[in-house]
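Participant: Supplied in structure tokens, the structure appears directly below.
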Amino acid sequence: MSQDHPSRLRDTADCDGFVEFVDPAYVQWRVSERDARRDPGARADMCLIFACSGMVRRVWDYPTDWRRLSAAELLALSFRR
């Protein structure tokens with residue numbers, strides 16, 4: 001069976017939680033919000049971290065309701081800086 005669209009695996013309700021999804025290449029991603037105020041060179045107070053085995057992406061500009069986004073929307077968001 002082929003997977004054309006990313007799929008959501010987990011969505012937590014609390015604000016300290018994370019969301020997981022699998023992209024079309026079968027890579028499992030975990031998305032979490034992080035306080036970046038102490039990070040050198042931070043572009044904002046908070047950021048999203050997209051992590052999988054072997055790669056991490058940080059996104060600075062994202063919607064406040066990011067946990068409600070579909071897996072496809074999260075994947076697209078992961079490419080923003």
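The values are calculated or read from the model by the stated rules, or taken from the named source; none is laboratory data. Everything quoted here is computed from the prediction, not taken from an experiment. All Cβ positions, glycine included, derive from the backbone under ideal geometry; neighbour counts span all protein chains shown.
Participant: For the structure I just gave you, tell me whether L74 is at pLDDT 95 or above, of a type in the set (A, V, I, L, M) and not in a strand (DSSP E or B).
Facilitator: Taking the combined requirement at face value, the residue satisfies it.
Participant: Checking C52 against (1) at pLDDT below 95; (2) surrounded by 11 or more Cβ atoms within 10 Å (Cβ to Cβ), which single condition isn't satisfied?
Facilitator: Every condition holds for C52 apart from (1).
This table checks each residue for (1) within 13 Å of the chain's Cα centre (by Cα); (2) farther than 22 Å from H5 by Cα.
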residue: Y26; (1), (2): no, no
residue: V31; (1), (2): yes, no
residue: R37; (1), (2): no, yes
residue: A42; (1), (2): no, yes
residue: S53; (1), (2): no, no
residue: A71; (1), (2): yes, no
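Participant: Taking the residues in segment 1-49 that are surrounded by 14 or more Cβ atoms within 10 Å (Cβ to Cβ) and in a loop (DSSP other than H, G, I, E, B) as candidates, determine which candidate is modelled with the lowest pLDDT.
Facilitator: That would be P6.
Participant: Let me ask something else about it. Taking the condition among the aromatic types (F, W, Y), surrounded by 14 or more Cβ atoms within 10 Å (Cβ to Cβ) and either part of a loop (DSSP other than H, G, I, E, B) or at pLDDT 95 or above (or both), does Y62 pass?
Facilitator: Yes: the conditions hold for Y62.
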